Amino acid sequence: MPPSSSTSPPNTPRIDPSLRLRRAIHANDPLLVTRILKSHPLLLQNPDSTPHGLSNTSLHLSAHLGFLPIVAVLLSLGHEKSGISLNEDHQTPLMLAAAAGHTEI
């Protein structure tokens, strides 16, 4: 029997798409962010539910890091369509960008 043409070994665990999205944002990779969101459109906001995450959305994270191309992708896909995102401290993505000195956002 010929070897499988699969791209990953059969027992390799898959990384959760919400974690992959956060990693793509941290890597400042707008093309990967776009690909992940095309496959998983419900992850657009993707609030961080970790104990210290403050429920920051994808836009909060990318704005805080100053990654303008990713901010543009998220906005073009409708991130703020239903209203301005607020984290648990009632901060907007713009507030986080300003606090980090990212005036280009």
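For the chain, what is the calculated [θ] at 222 nm in deg cm²/dmol (nearest 500), taking -39500 (n - 2.57) for each run of four or more DSSP H residues and dividing by its residue count? Intermediate values should be presented prior to the final figure.
On the way: 5 runs with 44 residues, N = 105.
The per-residue figure over the chain is -11500 deg cm²/dmol.
So if I place +1 on the C-beta of Lys and Arg and -1 on the C-beta of Asp and Glu, and nothing else carries charge, what would the dipole magnitude of the stretch 25-91 be about its Cα centre? I want it in debye, nearest 20. Provide the component values of the computation, followed by the final result.
Details: 3 positive and 5 negative charges, 62 e Å.
With Lys and Arg at +1 and Asp and Glu at -1, about 300 debye.
Could you point to the label whose value was computed as P(r) over Cα pairs in 10 Å bins from 0, in percent for the structure here, given (1) 14, 27, 22, 16, 11, 6, 2, 0; (2) 14, 51, 32, 3; (3) 15, 44, 25, 9, 5, 1?
Recomputing P(r) over Cα pairs in 10 Å bins from 0, in percent here picks out (3).
Residue-wise, which Karplus ³J(HN,Hα) couplings in Hz belong to the stretch 32-41, taking 6.51 cos²θ - 1.76 cosθ + 1.60, θ = phi - 60°, and x for glycine or proline?
Per-residue couplings from phi come out as 5, 4, 4, 4, 4, 6, 5, 7, 9, x Hz.
Suppose a student asked you for the relative contact order of the chain, using Cα pairs under 8 Å spaced at least 6 residues apart; what percent would you report?
Once divided by the residue count of the chain, the mean separation gives 24 percent.
For a footprinting-style exposure proxy, rank Leu77, Leu31, Leu21 by other Cβ within 10 Å, fewest first.
Leu31, Leu77, Leu21
Computed from the coordinates by the stated procedures, all read-outs in this text should not be read as laboratory data. Note that the coordinates shown come from a computational prediction; the quantities given were computed from them, not determined experimentally. Quick reminder, even Gly has a Cβ in these numbers, built from the backbone with ideal geometry, and neighbours come from all protein chains shown.
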